[in-house]
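The values are calculated or read from the model by the stated rules, or taken from the named source; none is laboratory data. Everything quoted here is computed from the prediction, not taken from an experiment. We place every Cβ from the backbone using ideal geometry, glycine too, and count neighbours over all the protein chains shown.
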Amino acid sequence: MGSFLLTPRMPPALVARIKVSLAGKRRAGTRRTFVPRISGAAMIPITAILVAVALMLMSRFMTHRELEQARGELLQRITAERATLPPQAAGFLPSAQAWVVRMAGAWEGDLVSDELRKPGALQARLSHPALFLRGDLHKLTKPDQLMDAAVASVKDAVLLCLSDPPESREEKAVLQKIRGANFAAALPSVHRYYDAEAGLRLLQPWWEAEVRAAKELKLVQNLRAEWMRAPIEDGKHAALAELLLVVVNEPPELEPNAEKGDGRRPEERPHAIRMGIVDLRAQTVLLRLRKNVDPSAYAPAMRAAHARAITGCQFAMEVRDAVRP
């Protein structure tokens, strides 16, 4: 019968009532599933959190995409500019840097090639494309400071007096030559070493590696700004140079009898200047010369105003004397 409460002898009507009663109890005892309910007020912060997370993920994605795009564009520019470099540009900057450091290093002794001793040979050579750098010894011996030295170095009295010296070494003649002179116009074929240092350094493998390694958009943007400022075209032109002229200012000599605190700057004191002329194509030294210069005899006002030009012109005349047959 399905239950011990029912017996065969019970009247049908009673059996029916008992079954109805039992069915109701079963329904009442059925286990109900709990469905949690979240109020509308609780949904507000949850929704806000989900939106914030979504925005953060989207921002990261957009930043990463912008980073990759900016880096890719910069790398494409590097590749494109390299493709237009002259053949001799390969290894040009590292080679020039090595020669600068060597000329500022341990002195190897004076040398004047037989080629430069021929009449007019120096002027003929200086009419070819060349790079000029003048700086203090302590900066030129350190490769990581060459850029600073290059920024400060401009065409000066050394070049002017090499090409067009004063009539004599007398103070009046030297000052007449250098005062108000347009040094930039001296030897038009000679350009600043800065053009090579600033224009070619961004095409070197190490700079490309720096771009590839940049993991932040801000860093790539800074590198791109540096690229936009770089004189790339000047660097390409500099790579055509056949000569490198390096002029090194040594520290001033000790002056036991000099008054302390006399206000003279290092360039106003007696010191040595070196010059190296390198054939960049043949990778040979054409001239290596070291001479002492001293502007002390000049009037203090003139010496203070023109010391660098005075010593540069003095040294240039020594170079001209050294190459005479």
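A few points about this structure:
- Criterion applied to Ala196, Ala149 was being without any contact (Cβ under 8 Å) to a residue 60 or more places away in the chain, part of a helix (DSSP H, G or I) and crowded, with 17+ Cβ neighbours inside 10 Å, and the one residue passing it is Ala149.
- Listed conditions (1) in contact (Cβ under 8 Å) with a residue 60 or more places away in the chain; (2) touching a Phe, Trp or Tyr at 6+ places or on another chain (Cβ under 9 Å) are all met by Pro231, apart from (1).
- Conditions (1) more than 30 Å from Ala225 (Cβ to Cβ); (2) in contact with a Leu (Cβ under 6 Å, 6 or more places away or on another chain); (3) modelled with pLDDT of 90 or more; number of the one not met by Ile18: (3)
- Selection count, the stretch 268-293, where residues are farther than 22 Å from Lys118 by Cβ and either surrounded by fewer than 20 Cβ atoms within 10 Å (Cβ to Cβ) or not acidic (Asp, Glu) (or both): 9
- Note on the stretch 174-193: among residues that are in contact (Cβ under 8 Å) with a residue 24 or more places away in the chain and among the small types (Gly, Ala, Ser), the one that is nearest to Ala241 (Cα to Cα) is Ser189.
- Candidates Arg324, Arg264, Arg320, Arg274, filtered to the one that is of a type in the set (Lys, Arg) and either under 26 Å from Asp195 (Cα atoms) or part of a strand (DSSP E or B) (or both): Arg274
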